[in-house]
Amino acid sequence: MKVEGRYVRSFTVRSMRSLIERKMFTNNGMRFVWNNWVPLKVNFLAWRVTLDRLPTTMDLRRRIVPVQSVECKFCHAENETATHLFISCSFAQQVWEFIASWCKVNSLFALELKDLVVMQDRCRGSVRWKKAVLSLTQIALWVMWKNRNDVTFSKKHANMARIKEEIRTYGFLWVKNRAKCND
Ligand SMILES: [Zn+2]
């Protein structure tokens with residue numbers, strides 16, 4: 001693409017996927033698998049979660065950025081780290097129980113951030129089924145972070161019903177269309 005007489009590389013999903021796939025090998029040897037059933041922004045957020053590269057309030061404080069409060073905006077019981085927000089927070093636990101129930105799997109659990117994108121591997125089912133569970137997991141991460149930002153910056157109240165509804169809506173909207181399935 002030519003802009004003001006200079007050639008500029010255009011941004012494409014393929015170029016971003018390529019970047020993520022090249023960078024992913026820095027993630028403690030863990031391979032981040034690109035998921036074409038969810039949008040770029042969801043892949044990108046999930047990738048940053050597994051690398052612990054989100055600007056949580058504890059992360060900002062560690063980098064000496066002034067923050068008013070470091071407590072989790074969902075439960076107000078612990079400091080906001082990515083591990084707390086997506087794994088040990090009571091809100092996160094409810095989200096994983098909701099998805100496990102929706103997908104009719106026994107349980108979804110993670111001990112570390114990088115486990116969040118391989119939880120489906122412990123479930124029984126076909127490759128397509130596991131990809132559907134992974135897709136909902138990644139959408140859940142994106143919805144949780146989006147709601148965390150709404151609570152932090154727009155002073156909305158944390159609402160589990162809204163989080164579940166958004167996961168359900170985006171799950172149907174994105175996965176059903178991209179996976180070309182009706183079930
Ligand atoms: Zn919490």
- request: Tell me, please, whether a residue that is over 21 Å from Lys131 (Cβ atoms) and in contact with a Phe, Trp or Tyr (Cβ under 6 Å, 6 or more places away or on another chain) can be found in region 52-74.
  value: yes
- line: Checked region 144-171 for anything in a helix (DSSP H, G or I) and of a type in the set (Gly, Ala, Ser); matches are Ala161, Gly171
Residue check for Leu85: within 16 Å of Thr50 (Cβ to Cβ) and within 16 Å of the ligand (Cβ to nearest atom): yes
- line: Those residues of region 39-81 which are assigned to a helix (DSSP H, G or I) and in contact with a helix residue (DSSP H, G or I) (Cβ under 6 Å, 6 or more places away or on another chain) amount to Leu40, Val42, Leu45, Ala46, Trp47, Val49, Thr50
task: Can you confirm whether region 127-145 contains a residue that is modelled with pLDDT under 95, within 16 Å of the ligand (Cβ to nearest atom) and closer than 23 Å to Gly171 by Cβ?
output: no
message: I want to confirm something. Restricting to region 61-82 and keeping residues that are more than 8 Å from the ligand (Cβ to nearest atom) and among the hydrophobic types (A, V, I, L, M, F, W, C), which single residue is surrounded by the most Cβ atoms within 10 Å (Cβ to Cβ)?
response: Ala82
- prompt: Cys72: under 18 Å from the mean Cα position of the chain (by Cα) and within 21 Å of Tyr170 (Cβ to Cβ), yes or no?
  reply: no
message: List pairs: first residue in region 101-119 and surrounded by 14 or more Cβ atoms within 10 Å (Cβ to Cβ) and in a loop (DSSP other than H, G, I, E, B), second residue modelled with pLDDT under 90 and not acidic (Asp, Glu) anywhere in the structure, Cβ distance under 7 angstrom, at least six positions apart or on different chains.
response: Val105/Cys123; Leu108/Met119; Phe109/Met119; Ala110/Leu116; Ala110/Met119
query: Is region 137-154 home to any residue that is under 27 Å from Met58 (Cβ atoms), among the aliphatic types (A, V, I, L, M) and surrounded by fewer than 20 Cβ atoms within 10 Å (Cβ to Cβ)?
result: yes
message: Checking Trp96 against (1) touching a residue at least 40 places away in the same chain (Cβ under 8 Å); (2) within 11 Å of the ligand (Cβ to nearest atom); (3) not acidic (Asp, Glu): exactly one of these is not met. Which one?
response: (2)
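The values are calculated or read from the model by the stated rules, or taken from the named source; none is laboratory data. Note that the structure is a prediction, hence the values are computed from the model and not measured. Virtual Cβ from ideal backbone geometry, glycine too; neighbours counted across all protein chains shown.
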